[in-house]
Amino acid sequence: MNGWAGNLLRVNLSDGSIDKEKLDKEILHDTIGGMGTATRYLFDELKGKIEPLSEENKVIIFAGPFAGTPIASSGRFCMVTTSPLTNYFLQSHCGGHFGPEMKYSELDGIIIEGRADDPVYLLIEDDHYELKTADKLWGRGVKATTSTLERDNDPESKILAIGPAGERQIPISNVKSDVYRSLGRGGTGAVFGSKNLKAIVARGNGKIDVSDPEYVKDHILRAKESTYTNAKGFVDFGTTNTGGVVHHAGGLPTRNFSRGKFETIDNISGTNYVKSIWKGRRACFGCPIGCSHFSAVGGIRTEGPEYETIFALGSNILNDDPETLVEINEMCNDLGIDTMSLGVTLSWLMEASERGIIKGEYSWGCGKEILALIRNIVGLEGIGKDLSKGVKKASEIHGGTDYAIHVKGMELPGYDPRICQGMALAYATSNRGACHLRAPIYVKELFQKTMVPETMEGKVGPTVHTEDLMSLIDCLIVCRFASRTLMDESFGGMSEMLRAVTGASLSPDVLEGSMKRIWTMQRLYNIKQGMSHEEDTLPERFFSEELSGHRIDRELFNANMQEYYRLRDCDEKGVPTKASLRSLGII
Ligand code: SF4
């Protein structure tokens, strides 16, 4: 095959079996790869209601057809599972080098089932697969785990690992890839931990052929040429100067989303870091942009922080100390904690403490004291035990649900929907809970300025279209920063690239139809898990409190939601209609 490797690895941790299975070409053409193929396996194989941390849940990891080819910025891969944070469908995407390494071992994906009796890690070396003991790794941080596995195996191996947060099945934990890249959001680390799976080590020496090498060669030249013009901002500053743009628009989450400006945002932005602690750039596999920066401060050598960490553990908790932020970020890397969920949970704690709901003083911008609090979260000690469950559950235990900033249990990203109102519907409808990546309308509102930000009018159709287009990007898989700046980010453009890589001629309309089918499978999965349409909403704060003179109009929001359901072929309660399921070939 071109593009796809044509195989998946099925690992059952309960009985220790490991089987390589051929991937049906028809399934690949229907689902494309990456998130799409992983969604299809989750939907087909987990029919009953699934407890996220039970033996029945599965870890489904897939790369796309572009991984391992020279297509620019295509080293990403994704994990699909049932989220212990939301209880619903979870997709999580990660950069770095693991995806191509898996493809070079002739695997498009890995499905992990069951639960091991004792800690293990999965070793993949070309066509050698083995479950090895992780007894000596259990309890260790991500950095020590990764370096030990590199020492004990081929040092060129690419490694997924969890830290103590994942081992303790904390719903805001994540899986780290080569330490600094994350399968973030939704508790991926906890799912690994629940299976006693400490790590996956992959090393492959194969290669992935493409169908039209001349096209691909030309694509690389064009991508390289565009990098220093179209993607220069990412080259120089990565995501770190986003804070300044969102601050000037008045929508930078500050003080638990109660304000939209943070006057000292420049202290924790790339313009400051580039002068102080950044020492150079890092890139994921095959990426000409290299948006990540490595930093050295005090005794810490690390990468980042990225914008989502800057807002969540910076402006949103009133922390403007650049060195403390790096230290917190590094601690989260090693423990395996999602910085976005952590920051939004801590900002709720600080507000709840200020309002007298929580005993104990957790003051805004408390700097290094946060390090002790994070240790309590991972140690499940004191208030840390409740915080480890994420902001939804913590607020249900202690009160303050109106200012617990989440959708379906997933804490919000760094774009206040009162200021970029296209994100209101995007957050409310995302199948994994609040997410800026499923329909990143904020890019058009705040960066490209092709949409008026402070209104929800006329944005339902674009939300559906963007969700489907981004789904295709997540199936192929290409980094969003590159698809936006170096490529023709359209169904037509992606159809042409898919043809050049795999030889499959799938028209833009066919691809769009496939993405609608994938969205519908995710929606059905959530409904099966007990989700109600009443959860397609936003935190109360956005409806009842103004930010810079703007709030979310509840009536218009509800009307938009009905319009969204109609465009998604759902009934008024957001359930896909029988006719739609028949036309999509789901029944
Ligand atoms: S732009 Fe950044 S995140 Fe995207 S592939 Fe390149 S280095 Fe990785």
> Using the eigenvalues of the Cα gyration tensor, what equivalent ellipsoid semi-axes result for the range 456-554 when each is taken as the square root of five times the eigenvalue, whole Å, largest first?
Replying inline: 32, 19, 11
> Which parts of the range 203-246 would a label at D152 reach, counting a residue when its backbone N lies under 19 Å from a point 7 Å out along Cα-to-Cβ?
Replying inline: 203-204
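Beyond a 28 Å Cα-Cα separation, which of these cross-linked pairs lie in this structure: K224/K261; K176/K359; K47/K392? Mind showing how you got there, number by number?
On the way: K224/K261 36 Å; K176/K359 34 Å; K47/K392 26 Å.
Cα-Cα > 28 Å for K224/K261; K176/K359; rest within.
Kindly provide the Kirkwood hydrodynamic radius of the range 184-341 in Å, to one decimal, from all pairs of distinct alpha carbon atoms.
Details: mean 1/r = 0.0560 Å⁻¹.
The Cα-based Kirkwood calculation yields 17.8 Å.
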>> So for each of 19-25, 560-566 I average, over its residues, the number of other beta carbons within 10 Å; can you give me the resulting order with the highest mean first?
In response: 560-566, 19-25
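Can you give the direction-averaged projected area of the convex hull of the alpha-carbon atoms in the range 296-349, in nm²?
In nm², the orientation-averaged hull projection of the range 296-349 is 3.4.
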>> I need the fraction of alpha carbon pairs in the range 68-133 separated by more than 16 Å, rounded to a whole percent.
In response: 60 percent
> What list of whole percents do you get for P(r) of the range 7-203, with Cα-Cα distances grouped in 5 Å bins up to the one holding the largest distance?
Replying inline: 1, 8, 18, 23, 24, 16, 7, 2, 0
> So how do 530-541, 246-257 stack up, highest first, on mean other-Cβ count within 10 Å?
Replying inline: 246-257, 530-541
> For D117, what charge total do you get from the other residues with a beta carbon under 13 Å from its beta carbon, if Lys and Arg give +1 and Asp and Glu give -1?
Replying inline: -2
> For the chain, list the DSSP H helices whose alpha carbon atoms reach 27 Å or more along the long axis and whose average Kyte-Doolittle value is -1.0 or above?
Replying inline: 508-528
> Over the chain, one equal point on each Cα, no solvent: what is log10 I(q)/I(0) by the Debye formula at q = 0.07 Å⁻¹?
Replying inline: -0.37
> Amide H neighbours of Y88 under 5 Å, counting only residues 5+ apart in sequence or on other chains, H built in-plane at 1.01 Å?
Replying inline: S83
> On full extension of the chain, what length is gained from I18 through K136, given 0.36 nm per residue of separation minus the C-alpha to C-alpha distance?
Replying inline: 40.2 nm
>> Net charge within 15 Å of T401 by Cβ-Cβ distance, Lys/Arg positive one each and Asp/Glu negative one each, not counting T401 itself?
In response: -3
> Given the pairs K217/K516; K143/K408; K22/K516; K136/K528, which are separated by over 28 angstrom at their Cα positions?
Replying inline: K217/K516; K143/K408; K136/K528
> Using 7 Å Cα-to-Cβ label points, what is the N230/S532 separation (nm, one decimal)?
Replying inline: 4.6 nm
> Where the only charges are on Cβ atoms (+1 Lys, Arg; -1 Asp, Glu), what is the dipole of the range 7-203 about its Cα centre, to the nearest 20 debye?
Replying inline: 780 debye
> Considering the dipole of the range 183-275 built from charges on the beta carbon (Lys and Arg +1, Asp and Glu -1) around the Cα centre, which of I268, G251, G186 is farthest to its positive end?
Replying inline: G186
> For the range 240-402, with only Lys/Arg (+1) and Asp/Glu (-1) charged at the beta-carbon, what is the dipole magnitude about the Cα centre, in debye rounded to 20?
Replying inline: 200 debye
>> If you take every residue apart from S211 with its C-beta less than 12 Å away from the C-beta of S211, what net charge results, scoring Lys and Arg +1 and Asp and Glu -1?
In response: -3
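Rule-based calculations on the coordinates, nothing more; no lab input. Since the structure is predicted, the reported quantities are computational estimates derived from the model, not experimental observations. Heads up, the Cβs are rebuilt from the backbone with ideal geometry, glycines too, and the neighbour counts pull from every protein chain shown.
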